[in-house]
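Just below is one structure, and these are the notes that go with it.
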Amino acid sequence: MAEHPMRLSDSMSTPDGAAMEYHKHGWEPLRLPPLKKSPAGKWKEPRKWTEAEIQSEFSEGSNVGIALGKRSGGLVDIDFDCREAAELAKVLLYELPSFGRPGSPHSHRIIKAELKKGRYTFELPKEAAAKLGADRAMLLEVRGDGHQTMFPPSTHPSGEQVQWHIGATSVPVVEPDELRKLCGVIAALSVVSMAYPNIAGERDEIAMMLAGVLVRAGFDDELIDDLIECVASIAGDEEAQKRRGKSSATRARIDAGKGTWGLPELCSRLGIEEVEPAMRKWLGAEGVAKHSGHSDRPVIFVRGGNLPAEVDEAEAALLTAGLGVYQRGESLVRVVRLPHSEGDDGVKRPSGALLIHPVSVAWLREKFAISAVWMKHGKEEPYPINPPTEHARALLARVGEWRAPVLRGVVSCPTMRADGTILQEPGYDAASGLLYDPGGVVFPQVPEKPTLADAQEAMRVLKKPFREYQLPTPADWSVLLAAVVTSVIRRVLPSSPLFAIDAPTAGSGKTLMCEAVGVIASGYKPTIISQGKTPEEDEKRLASILMAGDAVLVIDNCERPLGGDTLCSMLASEVIASRILGKSEMKQVLTNVLVMATGNNLEVIGDLGRRTLVCRIDTGVERPDQIDHSFELIDEVLADRPRLVTAALTVLRAYVVAGKPNRMIPMGSFEGWNLVREALVWLGEEDPAVTRETVIADDPRKNELAELLELWAEALGGRSVILAELADEAAKSPRSKTAALHQALAERTYKQVFNTRSVGRYLAKHKDRLVGGRVLRCEDDPSGVKRYRLETPGAPPAIDAPF
């Protein structure tokens, strides 16, 4: 800014004295009625004042105005209509003369500029103003030609006197475009100040995003730090000074071509998406560029027959802009943080949860508009257009052909990669496919080469929060520790067992234990679902969890046996086909969520038994909910979370550095997870896999089958039969063992009626399964009829005999 020398005396306490002083320096005074901000009569035509006229017309009590613009040598008034804007101007426009009243200090600053039009306004949409609780929608306005402003020493309609805060000893001259940009930045940062979070964990991330915005706006690092501190201070952040220092790191990432947060993510995190277009305009980034290339965004021309190439250009611009688009399975997705807790359809999620959302056509069109300028050729010259819907749909349809980074999941804490190295740098990690978003939490560095002693100390750290739990056996403790360690690396594991928390009595703290594990992994309580009324309902709920990318899932208070094909598959498989809610189509989804379940004397059935580890809590009292504990578990886990996460990773890293000396035969389907099991046993803990034997032994379906085979042995021995023969014999001898077997088979069918097809389907599920030392075999005879025979491995074969 250039300076235009201009001196005013300090004795301007009367209207006529002030008007005379202003007139001497080339400003055109206007007489305003007492307590008024505007002239009473016509004033649009310039007036040549004489000193005598000023002395006679500016009487005691009248107010003084100044005709702005060319009539006063290009004088411009910047009127700040909100406190936030006036405070920010102290940083960006500190050298400009300012005045105001006691209730609204520094609400006006003056400068000289040749504006292209008489007035520029920076105003919030009315809905946004109401949402932010702003007193008015107008943030600030810049007034020049055709406008006027009430100047000191006038009396405001409120009764307060307007006075100079920084006297007009000199009025700088500025280029109009620079003035608009500075005022636009003030307006945009005023909105950020209004929406600034009151949750301590989020403020540092907001400062990082704001640094990205201001670096792109062209400001230097010191000024950016000043602005960020000012925004935080205005919003009441008691650690405002600690928000400095973000710009240099952000600038380095941008210069290196790495992705950084920007305006879209800032607005999304603050919940002010509807203000983003206005803020983009104020910051000078809206850029509807013409073909001459006056924008740093690429220009995409839409022509008939050129759709594939244009979609290629749009995808490239989208990825270059770093707007947080990823591919996950068969979907393009983005990551959002849940602003409020929500619960519907049996699924409950806490506020702050990081979720993966599929990209919609509408969202994609908006980001296309942000990342590129879209044009069409007109008769005379190209003209701007909105991104076409068909281009967004075409990109979404390119399943398997996207160039977006692959997203395996989002983590809120450091984790271990598949190669044993530790992921500790926030941001997207290409090696693991994970997006690490610590949410402002600072974690201690995991040692590169921890020792056995370090790992043993880490185990003591992991046990401490659970010290008041009554766990009957060392195996129960081992399952709990395995759940904690697994929770911080689950995203990189192809599969993981289910961790069941069991107890004989309600109120033992099962759900609380699961919540503590979830808090360690993510910083907030885990997603909780209830059992559905049907297996189909369970499948839909599990599918929604997998698609949203939840970190930890708790199936809470199971009142009926836990099982099901979908749950078995998502534990043992890295990817499964899942049905989209409300649609008939299936999509491939990743299964890397830690699954826990709670119940009183929980029953696990079928194949789920070999996929389940059980930690049992037994307080030994009738009313465990009335036990008085010496501390709050969740509070302690939250406070000590960084150390707990580091301890879990230290255990694993120490085992890897030691050369994985405790090799064990893997649990079937969980070869990758066996690292956790081996590390715990290496450190002297019980093998958590031993708890599977109890689960399998207590499987009611297995016991039911064992009873059936026992009855079969008593009725038929080792003879082979067809079902029709069995039915005939049962009818002939209604009190025989064969009749009892016939009735038992009928009770195991859907309609509890002996039908050869229904019974055949039931037996087909259990053929060749060894239970209680017996195996049911099924063979086709020469006529194609199925014959069933009970076999006892190791015993001599039976000789068939007629009934």
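The values are calculated or read from the model by the stated rules, or taken from the named source; none is laboratory data. Because the structure is a prediction, the values reported are computed rather than measured. Cβ placement follows ideal geometry from the backbone for every residue including glycine, while neighbour counts extend to all protein chains displayed. Surface areas here come from the heavy atoms of the whole protein model, side chains and all, with no ligands, DNA or RNA. Shrake-Rupley method; radii C 1.70, N 1.55, O 1.52, S 1.80 Å.
Summary table below
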quantity: Listed peptides 357-369, 323-335, 760-772 by packing density, highest first (mean Cβ within 10 Å); calculated: 323-335, 357-369, 760-772
quantity: 1.4 Å probe accessible area per residue over segment 556-678, in Å²; calculated: 45
quantity: Helix 737-747 axis, angle to the chain major axis (alpha carbon atoms, nearest 10°); calculated: 10
quantity: When each of Lys48/Lys117; Lys90/Lys116; Lys90/Lys117; Lys737/Lys767; Lys37/Lys90; Lys48/Lys90 is checked by Cα-Cα distance, pairs over 29 Å; calculated: Lys48/Lys90
quantity: Three-way shape call for segment 49-102 based on the alpha-carbon gyration tensor, with the a/c threshold at 1.5; calculated: prolate
quantity: Surface accessible to a 1.4 Å probe, per residue, for the residues of segment 385-462, Å²; calculated: 48
quantity: Per-selection Rg to Rh, segment 630-684 - Cα, Kirkwood hydrodynamic radius; calculated: 1.12
quantity: Between segment 87-124 and segment 512-548, the Cα center-to-center distance that results, in Å; calculated: 53
quantity: Of Cys615, Thr591, Leu434, farthest towards positive along the dipole that unit charges on Lys, Arg, Asp, Glu beta carbons give the chain; calculated: Thr591
quantity: Furthest towards positive pole of dipole, Pro384, Ser487, Ser158, structure part the chain, Cβ charges; calculated: Pro384
quantity: Segment 173-240: equivalent-ellipsoid semi-axes (sqrt of 5 x gyration tensor eigenvalues, Cα, Å); calculated: 23, 12, 10
quantity: Ranked packing of 523-529, 565-571, most packed first, by mean Cβ within 10 Å; calculated: 523-529, 565-571
quantity: Mean ellipticity per residue at 222 nm, deg cm²/dmol - from DSSP H runs of n ≥ 4 across the chain, formula -39500 (n - 2.57); calculated: -11000 deg cm²/dmol
quantity: Percent carbon-and-sulfur accessible area, the chain, ignoring ligands, DNA and RNA, probe 1.4 Å; calculated: 49
quantity: Stretch gain in nm, segment Asp454-Glu127, where the contour uses 0.36 nm per residue and the Cα spacing is subtracted; calculated: 112.1 nm
quantity: Dipole magnitude of segment 1-148, debye to nearest 20 (Cβ charges: Lys/Arg +1, Asp/Glu -1, about Cα centre); calculated: 440
quantity: 37 °C / 0.692 mPa s Stokes-Einstein diffusion coefficient of segment 163-283, Kirkwood radius on C-alpha pairs, µm²/s; calculated: 217
quantity: Ordering of 174-186, 617-629, 670-682 by burial proxy (mean other Cβ atoms within 10 Å per residue, highest first); calculated: 670-682, 174-186, 617-629
quantity: 21 Å Cα-Cα reach of Lys540 towards lysines, excluding residues that sit fewer than 8 places from it in its own chain; calculated: Lys348, Lys583, Lys587
quantity: Part-to-part distance (alpha-carbon centres) for segment 400-418 and segment 188-245, which is given in Å; calculated: 28
quantity: Magnitude of the charge dipole, the chain, Cβ model with Lys/Arg +1 and Asp/Glu -1, debye to 20; calculated: 1560
quantity: On Cα atoms only, tilt of 474-489 relative to the major axis of the chain in degrees; calculated: 40
quantity: Percentage relative contact order, the chain, counting C-alpha pairs under 8 Å, at least six apart; calculated: 9
quantity: Rounded if a/c under 1.5, otherwise prolate or oblate - segment 404-533, Cα gyration tensor axes; calculated: oblate
quantity: Equivalent ellipsoid, segment 350-467 (semi-axes from 5 times Cα gyration tensor eigenvalues, Å); calculated: 46, 15, 13
quantity: Estimated D of segment 45-136 in µm² per second, where Rh is the Kirkwood radius over Cα pairs and Stokes-Einstein applies at 25 °C, 0.890 mPa s; calculated: 154
quantity: Nearest-ten-degree value, helix 307-320 long axis tilted from longest Cα axis of the chain; calculated: 80
quantity: Cα coordinate range in the chain, projected on the principal axes (Å, largest first); calculated: 136, 69, 48
quantity: DSSP-defined beta bridges in segment 340-457 - what % are antiparallel, rounded to 5; calculated: 75
quantity: Largest to smallest principal axis extent of the C-alpha atoms in segment 481-542, angstrom; calculated: 32, 31, 21
quantity: Net dipole in debye of segment 524-608 [+1 Lys, Arg Cβ; -1 Asp, Glu Cβ; about Cα centre; nearest 20]; calculated: 280
quantity: Considering only the chain, percent of DSSP beta bridges that pair antiparallel, nearest 5; calculated: 75
quantity: Charge sum, other residues only, whose C-beta stays under 15 Å from Val361's C-beta, Lys/Arg counted +1 and Asp/Glu -1; calculated: +2
